[in-house]
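Just so you know, all these numbers are worked out from the coordinates, no wet-lab data involved. As the structure is a prediction and not an experimental result, all values here were calculated from the model. Methodologically, a virtual Cβ is constructed for each residue, glycine included, from the backbone with ideal geometry; neighbour enumeration extends over all protein chains shown.
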Amino acid sequence: MRSRAPPSPTVPPPARRPTLDGMDTPLDRQSLLDGLRRRIPEIDPAEALARQAQGALLIDVRDDGERASGSPAGALGLSRGFLELRIEQAEPDRARPLVTLCGSGVRSLLAAETLQRLGYRDVRSVAGGFERWKAEGLPVAASALDTDAAERYARQLRLPQVGERGQARLAEASVAVLGAGGLGSPAALYLAAAGVGRLSLIDDDRVERSNLHRQVLHADARVGMPKVESARLALQALNPRVRIDAHRERLHAGNVESLLGGHDLVIDGADNFPARYLVAAASRRLGLPMVYGAVERFSGQVGVFDPRRPDSPCYRCLFPEPPAASEAPNCSEAGVLGVLPGIVGLLQATEALKLLLDLGQPLVGRLLLFDALDMHFRELRLPRDPDRPGCGDQAVFDGYADLEQWCRAAG
Ligand SMILES: [Zn+2]
């Protein structure tokens with residue numbers, strides 16, 4: 001039995017419309033903006049750029065479609081519609097100075113006001129927006145960091161040597177990885193994780209169970225699969241943003257330039273000498289840095305051959321001629337401790353990231369030797385040798401096919 005009658009319907013009182021000034025009168029567009037301008041400092045694009053250089057986060061609040069054709073270099077792309085929901089993931093530090101930018105400088109005022117209410121203490125808006133930024137010839141990047149990227153790369157974005165600008169460079173970079181094996185596995189995994197925009201994997205092998213103790217791109221369930229396909233699955237699972245070009249081909253005289261051309265550098269993880277000599281020749285002809293690594297048993301070596309530098313040695317300054325097969329046993333004959341290619345491949349990835357970001361001192365003119373049993377790194381000076389066949393006045397190039405034949409004859 002009901003003790004009470006249902007409440008009689010009543011007409012709700014009209015909602016009081018909150019306004020920015022706390023008054024009850026609704027605002028028109030102009031008075032809303034005037035009110036915002038009294039509270040949000042507006043700066044011109046050049047000052048925004050200067051603040052960005054000093055560590056401020058520039059947020060492009062335009063929609064994804066508007067940003068697709070370009071955004072201020074190093075800006076975070078975070079659409080106005082998602083600002084409140086995602087800003088804390090992108091930038092938890094309320095003390096970091098923020099600068100908002102939109103198309104013409106109106107939406108950025110609204111965004112800045114919201115950020116202030118969320119507790120960000122130093123927020124400014126760019127007067128004139130992206131239109132004025134472009135008109136003043138300030139740096140524009142193809143596309144801005146979105147919130148996925150801001151979160152994914154947060155720990156390296158914090159490094160002033162990387163930052164949004166470095167991350168944008170990585171996103172535009174492309175690296176050829178020769179061999180999806182022991183060296184290519186760790187190198188490709190970490191380069192993909194770091195956000196290198198495009199990785200081209202070159203390998204014609206299939207995954208074998210004997211690969212798995214060192215070739216960490218692959219998995220037991222993928223034994224028998226082409227290595228480049230297995231690698232693509234692993235890399236896309238790690239970072240779906242990275243474009244993976246899988247070339248199930250063996251590098252040879254006829255495809256070396258087409259496979260390696262158009263990249264910023266090549267990671268040499270080849271398992272045979274003809275491929276290494278082909279890469280070395282293509283590196284010089286294409287002006288493409290070659291990040292070399294090799295392992296055997298308990299030791300490894302790493303070097304960078306950068307043909308863009310006049311002082312850099314080339315691979316043939318180190319090995320003028322391919323060794324006889326008996327002097328250069330491969331992993332299947334000599335054996336290798338599984339961690340060795342992991343260490344050497346990561347040193348190669350480190351050098352690759354340094355080259356792409358223009359950081360530190362690359363391993364040019366020095367050969368790094370690693371001995372796992374003594375746990376010892378040592379460095380050999382490796383100057384450019386103009387008398388050797390790869391560099392200098394005596395250097396001749398008879399074509400890739402001759403080089404390949406000559407290698408096979410020596411091996
Ligand atoms: Zn040389």
Item to check | Candidates G77, G262, G197, ranked by Gaussian network fluctuation over the chain, Cα under 10 Å, top entry | outcome: G262
Checklist outcome for this item: For segment 59-159 the GluC sites (Glu not before Pro) that pass both the DSSP coil test and the at-most-15 other-Cβ-within-10 Å test are E136
Item to check | Theoretical FRET efficiency, 1/(1+(r/R0)^6), r = Cβ-Cβ of A135 and S174, R0 45 Å, to 0.05 | outcome: 0.90
Checklist entry - Considering the chain as a Gaussian network with a 10 Å cut-off on Cα pairs, which listed residue, F298, F397, F370, attains the greatest mean-square fluctuation? => result F397
Checklist outcome for this item: Shape descriptor, the chain: equivalent ellipsoid semi-axes (Cα gyration tensor, sqrt 5λ, whole Å, largest first) stand at 55, 26, 17
Checklist entry - For the residues W406, W133, what sequence is obtained by ranking on other C-beta atoms within 10 Å, fewest first? => result W406, W133
Next on the checklist: Using only Cα atoms and rounding to the nearest 10 degrees, what angle (0 to 90) does helix 339-357 make with the longest principal axis of the chain?
Outcome noted: 60 degrees
Next on the checklist: Considering all projection directions equally, how large on average is the shadow of the alpha-carbon convex hull of segment 334-411, in square nanometres?
Outcome noted: 8.0 nm²
Checklist entry - By counting other Cβ atoms within 10 Å of each Cβ, how are M225, M290, M375 ranked from fewest to most? => result M375, M225, M290
Item to check | Fluctuation leader among T25, T147, T350 - the chain, Gaussian network, Cα springs under 10 angstrom | outcome: T25
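If you count the DSSP beta bridges with both ends in the chain, what percent of them are antiparallel, to the nearest 5?
Just about 40 percent of them are antiparallel.
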Next on the checklist: Using only the alpha-carbon atoms, how far is helix 184-194 inclined from the longest principal axis of the chain? Give it as 0 to 90 degrees, nearest 10.
Outcome noted: 20 degrees
Checklist entry - Based on the Cβ-Cβ distance of Q30 and E84, what FRET efficiency does E = 1/(1 + (r/R0)^6) give at R0 = 25 Å, to the nearest 0.05? => result 0.50
Checklist entry - What's the Kirkwood radius of segment 221-275 in Å, using all Cα pairs? => result 13.0 Å
Checklist entry - Kirkwood-based Rg over Rh for segment 241-364 (C-alpha set), two decimals? => result 0.95
